[in-house]
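Structure, as structure tokens:
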Amino acid sequence: MDLMSSTPPEIDWTLPADLLLEITARSDIRTLVRCAALCKLLRRDILDPSFIRRVTSDIVGDCYPVTSRGGLLLLRRHLHVRSSRRGLCVYDPITGHRTFLSKPPGIPYNSVSFHKCVLLMATDGIDCSLLIFVGSLNTSFPRAVIVQIFTSLTNTWGPILTHGDFAILWLEVGFDAVVLHGGVIHWLTHDGGKILTYDVCIAMPGILELPVFDPATPKFKGGQLHLGSYSSPDGHMLLRLLVVVGSTMSVWHHLPCGGWVLETMTDMEDKLRLLDPSAPPEQPLEIWFMLSGERSNVILLHMRTSSMTILLDLETEEMHVTRSAPSATLLEIDMPSWLRAMTIFS
């Protein structure tokens with residue numbers, strides 16, 4: 001028998017799916033993102049909530065997300081945790097880079113229920129690459145809002161700023177904030193009465209009125225209103241207010257000259273019933289807002305009649321049920337830009 005002329009057996013180089021997923025789980029975040037972007041089968045498993053909890057447990061440790069912006073997460077360490085690490089962390093989930101900061105020295109750390117934290121970037125029109133706003137209501141009288149700001153220019157917390165003229169309104173605003181160019185932060189009050197603003201460049205609070213609604217409309221509850229932003233034809237970011245009554249959604253745009261204009265009004269009942277065929281025909285459907293993307297048109301909705309979580313694209317009006325569990329914040333990453341910046345291996 002001529003051993004030299006024999007044909008070697010073919011080798012199957014395909015790895016089992018479970019083994020490939022295990023290798024991915026043990027890789028760094030950059031590799032994990034590459035795998036999710038390049039392989040549809042892996043992407044499905046990577047997006048599973050149980051897999052996400054597994055791979056992020058060692059990354060964030062004893063921290064929980066407070067807010068996100070520009071692809072970065074601001075994490076806060078749990079109050080009950082005693083650690084040599086500092087109280088706040090700015091985390092980049094793509095690169096894995098973490099920057100730990102001390103908690104703001106002038107703000108009581110035991111009143112996190114009144115804390116509001118906002119991340120600002122250079123693209124917001126500020127004079128540094130990163131700015132962290134932390135505000136809280138003091139627990140003594142007279143009531144006042146205490147503000148401290150961290151900037152990457154000094155790598156330190158600035159002086160304590162006290163504002164007593166909007167302490168009551170501070171109690172009525174939510175944690176989600178919208179930042180417009182020039183470093184102006186916007187919060188919507190729970191009852192939809194006003195918008196509280198804060199200009200970080202001049203340390204000045206302000207109030208912005210909402211649209212004038214139909215007098216027959218009942219008083220809004222927190223989940224019926226959502227504040228976001230949109231890009232005007234000239235490229236400026238402006239405020240966008242979403243209002244939902246039952247299954248009808250209205251979209252209001254704030255104009256550059258001031259004032260509001262009703263952009264669209266859409267009844268989504270037919271699409272919602274397709275997503276939930278078990279809903280009784282005689283039962284009115286009701287949806288509330290949960291979270292939205294920072295700059296995209298993606299909105300997470302909660303269908304109160306069935307406790308379903310629905311993802312809605314405002315631009316295409318497409319919607320589908322999502323299996324992702326709601327979280328404290330929604331992280332939005334410009335994946336096409338990241339993929340274009342990655343090195344291509346030949």
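List every residue pair whose Cβ atoms lie under 8 Å apart, where the two residues are 6 or more positions apart in sequence or sit on different chains, the first residue falls within the range 285-304 and is in the same structural domain as D124 (by TED's automatic domain parsing), and the second residue, located anywhere, is among the hydroxyl-bearing types (S, T, Y) and in a loop (DSSP other than H, G, I, E, B).
So the pair list comes out empty.
Which count do you get for residues in the range 318-346 that are at pLDDT 85 or above and either in a strand (DSSP E or B) or surrounded by 13 or more Cβ atoms within 10 Å (Cβ to Cβ) (or both)?
Adding up the residues that qualify gives 3.
Among the listed residues T316, T309, identify the single one that is under 19 Å from D48 (Cα atoms) and of a type in the set (S, T, Y). Walk me through it before giving the result.
Working: T316 fails: under 19 Å from D48 (Cα atoms).
None of the others qualify; the one that does is T309.
Which residues, counting only those in the range 71-106, are more than 22 Å from the chain's Cα centre (by Cα) and at pLDDT 80 or above?
Of the range 71-106, the ones more than 22 Å from the chain's Cα centre (by Cα) are 79-86, 102, 104-106.
Listed by number, the residues that qualify are S102, P104, P105, G106.
Determine which single condition L161 fails, assuming it passes every other condition in (1) closer than 26 Å to F289 by Cα; (2) in contact (Cβ under 8 Å) with a residue 12 or more places away in the chain.
Looking at each condition in turn, L161 falls short on (1).
Please enumerate the residues belonging to the range 126-145 that are part of a loop (DSSP other than H, G, I, E, B), among the small types (G, A, S) and either closer than 19 Å to V179 by Cβ or not assigned by TED's automatic domain parsing to the domain that holds G182 (or both).
If we filter the range 126-145 for residues that are part of a loop (DSSP other than H, G, I, E, B), which is where we start, we get 126-129, 138-144.
Applying the additional criterion that residues be among the small types (G, A, S) yields 129, 140, 144.
Hit for the range 126-145 is S129, nothing else.
Quickly run through the range 152-169 and pick out the residues that are among the polar types (S, T, N, Q) and either surrounded by fewer than 14 Cβ atoms within 10 Å (Cβ to Cβ) or out of contact with any Ser or Thr (no Cβ under 9 Å at 6 or more places or on another chain) (or both).
Matches in the range 152-169: T154, N155, T156, T162.
Return yes when D267 is farther than 26 Å from G71 by Cα and acidic (D, E) and no when it is not.
Yes: the conditions hold for D267.
Which condition from (1) modelled with pLDDT of 80 or more; (2) more than 24 Å from H236 (Cα to Cα); (3) of a type outside the set (S, T, Y) is the one that I195 breaks?
That leaves (2) as the condition not met.
Return a yes/no flag: does the range 228-240 have any residue that is more than 28 Å from P284 (Cβ to Cβ) and among the basic types (K, R). Walk me through how you get there before you give the answer.
To start, the set of residues in the range 228-240 that are more than 28 Å from P284 (Cβ to Cβ) comprises 229-239.
Adding the requirement that they be among the basic types (K, R) leaves none.
Scanning the range 228-240 turns up no residue that is more than 28 Å from P284 (Cβ to Cβ) and among the basic types (K, R).
Would you check which residues across the range 294-317 are of a type in the set (D, E) and under 15 Å from S247 (Cα atoms) and list them? Break it down into steps so the answer makes sense when it comes.
So the first thing to find is which residues in the range 294-317 are of a type in the set (D, E), and the list is 294, 313, 315, 317.
Hit for the range 294-317 is E317, nothing else.
Working only within the range 264-293, note down all residues that are part of a strand (DSSP E or B) and of a type outside the set (F, W, Y).
Pass one, the range 264-293, residues part of a strand (DSSP E or B): 264-267, 287-292.
Residues satisfying the conditions are T264, M265, T266, D267, I287, M290, L291, S292.
Give the residue, chosen from S50, S57, S27, S68, that is in a helix (DSSP H, G or I), at pLDDT 70 or above and not basic (K, R). Before the answer, list the steps.
Working: S57 fails: at pLDDT 70 or above; S27 fails: in a helix (DSSP H, G or I); S68 fails: in a helix (DSSP H, G or I).
One residue alone meets the criteria, S50.
Taking the criterion of being surrounded by fewer than 13 Cβ atoms within 10 Å (Cβ to Cβ) and under 26 Å from I149 (Cβ atoms), would at least one residue in the range 225-233 satisfy it?
There is no residue in the range 225-233 that is surrounded by fewer than 13 Cβ atoms within 10 Å (Cβ to Cβ) and under 26 Å from I149 (Cβ atoms).
Could you pull out every one of the strands (runs of 3 or more DSSP E) wholly within the range 170-218 that has 3 or more residues that are surrounded by fewer than 20 Cβ atoms within 10 Å (Cβ to Cβ) and not charged (D, E, K, R)?
Numbers: elements: 173-180, 184-189, 194-199, 204-209.
Hits in the range 170-218: 173-180, 204-209.
So which of G174, G182 ends up being within 30 Å of H253 (Cα to Cα), out of contact with any Cys (no Cβ under 6 Å at 6 or more places or on another chain) and modelled with pLDDT of 90 or more? Outline the logic, then answer.
Numbers: G174 fails: modelled with pLDDT of 90 or more.
Just one listed residue meets the conditions, G182.
The values are calculated or read from the model by the stated rules, or taken from the named source; none is laboratory data. For clarity, every value in this text was computed on a predicted model and none was experimentally measured. Note that each Cβ is placed from the backbone with ideal geometry, even for glycine, and that neighbours are counted across all protein chains shown.
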